[in-house]
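Colleague: Take a look at the following structure, please.
The values are calculated or read from the model by the stated rules, or taken from the named source; none is laboratory data. All of these numbers come straight from a predicted model, not from anything done at the bench. Quick reminder, even Gly has a Cβ in these numbers, built from the backbone with ideal geometry, and neighbours come from all protein chains shown. Ligands, DNA and RNA are excluded from the accessible area calculation, which covers all protein heavy atoms including side chains. Shrake-Rupley method; radii C 1.70, N 1.55, O 1.52, S 1.80 Å.
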Amino acid sequence: MVEGNGSYASQLRQELGLRNRQYAVGRPHVESYGSRPAIVYAPDGEQHGNFFDAAYAAIGARPEWLRRLSKIHTQGERSLPRHEAGRRWCELDSSSSSDALLMNVFCTPGVAESEKVRRALGVTGDEPPVFGWKARVPLRTGRVDRTEVDMRWGGLLVEAKLTETDFQTRSAAVVEAYRDFDEVFERDLLPRVELRKARRRAAVEFPEEFSQEWEAGEVSDRDIDESAEIANAYQAAIVAKGVAEQVVEPGYASYQLIRNVLAAYASRCSFCVVHDQRRPDLREAWFQVMAAVRCATLRVRCQVLTWQELAALLPRALREFLERKYGIVAVG
């Protein structure tokens with residue numbers, strides 16, 4: 001299962017990289033470092049290479065949507081060339097961003113108003129889509145978590161996927177800390193994994209950590225001249241801090257799905273996973289989690305849709321954009 005996930009994701013990343021290398025000609029962009037680079041676009045006046053023009057204009061007209069575009073790319077400084085104007089790269093600049101794809105579709109004027117789209121997703125009411133909705137899923141402690149759902153549209157929560165390898169993993173302690181976990185799920189039916197918790201590391205394995213620890217004075221101040229003695233002293237400090245040999249702790253696969261089903265339950269919403277049809281592994285993972293939902297009424301509020309199925313309901317110009325840039329060809 002894990003191997004399949006990586007293979008499907010890798011193939012899709014490679015295809016998107018090739019498509020966007022052609023699409024980016026004449027548009028401000030850079031390529032990420034590595035053997036399979038991703039294309040990352042920069043804003044260009046009233047346009048942005050990673051966005052459909054009409055969607056980008058609509059985003060600019062709504063401050064709450066525009067803020068979503070400012071999420072800083074977590075690997076930008078390491079994996080990307082510097083922007084010539086000193087601008088920091090953002091996550092939604094990337095050609096492989098599922099959040100950018102989501103906003104390209106649902107920020108385009110006419111899509112949220114389309115009866116066909118609304119019927120397909122079971123959306124009623126006049127509320128506009130909210131991106132990066134803070135679900136505040138209840139915990140057993142009485143507190144709430146601070147994670148986000150990709151989109152809330154009326155009574156619908158949406159998780160968007162494109163090239164991500166999977167739905168992430170978390171330790172059992174984290175997942176089982178949700179207040180409604182046992183009420184919503186049959187835990188024995190959920191996908192389980194074993195997670196590496198911690199391990200004893202060689203003193204010279206991470207030199208940057210070595211220098212930081214040493215400079216912070218957490219190793220003895222003895223005058224040690226030989227590098228071997230320094231390494232031994234650092235190793236002793238690690239042991240003293242209780243860094244254990246490698247251990248394994250129980251965990252759950254598909255954490256994002258589990259959390260979002262809990263969010264849907266707590267907020268009395270439906271929940272839909274939107275993924276690319278070239279990622280059957282993601283659909284299989286979703287069905288496995290769905291099968292563990294105890295309540296039949298909640299289970300029927302769990303949905304799945306492919307970008308290709310959704311594309312068939314969209315305006316022609318947007319369909320052409322999705323086909324050219326993402327290879328998303330409308331079903332039929």
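Colleague: What pairs can you find where one residue is in segment 253-276 and more than 18 Å from Asp188 (Cα to Cα), the other is of a type in the set (S, T, N, Q) and buried (at least 24 other Cβ atoms within 10 Å of the Cβ), and their Cβ atoms are less than 7 Å apart, with a gap of 6+ or different chains?
Modeller: The qualifying pairs are Phe271/Asn260.
Colleague: Let me ask another. For segment 23-41, give me each residue that is surrounded by fewer than 19 Cβ atoms within 10 Å (Cβ to Cβ) and either of a type in the set (Phe, Trp, Tyr) or touching a His at 6+ places or on another chain (Cβ under 6 Å) (or both).
Modeller: Result: Tyr33, single match.
Colleague: Do we find a residue being at pLDDT 95 or above, more than 23 Å from Gly49 (Cα to Cα) and not hydroxyl-bearing (Ser, Thr, Tyr) anywhere in segment 313-320?
Modeller: yes
Colleague: For Leu314, work out the one condition from (1) open to solvent by 60 Å² or more (accessible area, probe 1.4 Å); (2) in a loop (DSSP other than H, G, I, E, B) it doesn't fulfil.
Modeller: Of the numbered conditions (1) open to solvent by 60 Å² or more (accessible area, probe 1.4 Å); (2) in a loop (DSSP other than H, G, I, E, B), the odd one out for Leu314 is (1).
Colleague: Among the numbered criteria (1) part of a helix (DSSP H, G or I); (2) open to solvent by 40 Å² or more (accessible area, probe 1.4 Å); (3) modelled with pLDDT under 95; (4) not aromatic (Phe, Trp, Tyr), which single criterion is violated by Gln246?
Modeller: Unmet for Gln246, out of (1) part of a helix (DSSP H, G or I); (2) open to solvent by 40 Å² or more (accessible area, probe 1.4 Å); (3) modelled with pLDDT under 95; (4) not aromatic (Phe, Trp, Tyr): (1).
Colleague: Another question about this same structure. Look through segment 287-303, keep the residues that are closer than 19 Å to His275 by Cβ and in a helix (DSSP H, G or I), and return whichever of them is least open to solvent (accessible area, probe 1.4 Å).
Modeller: Across segment 287-303, the extreme among qualifying residues is Val289.
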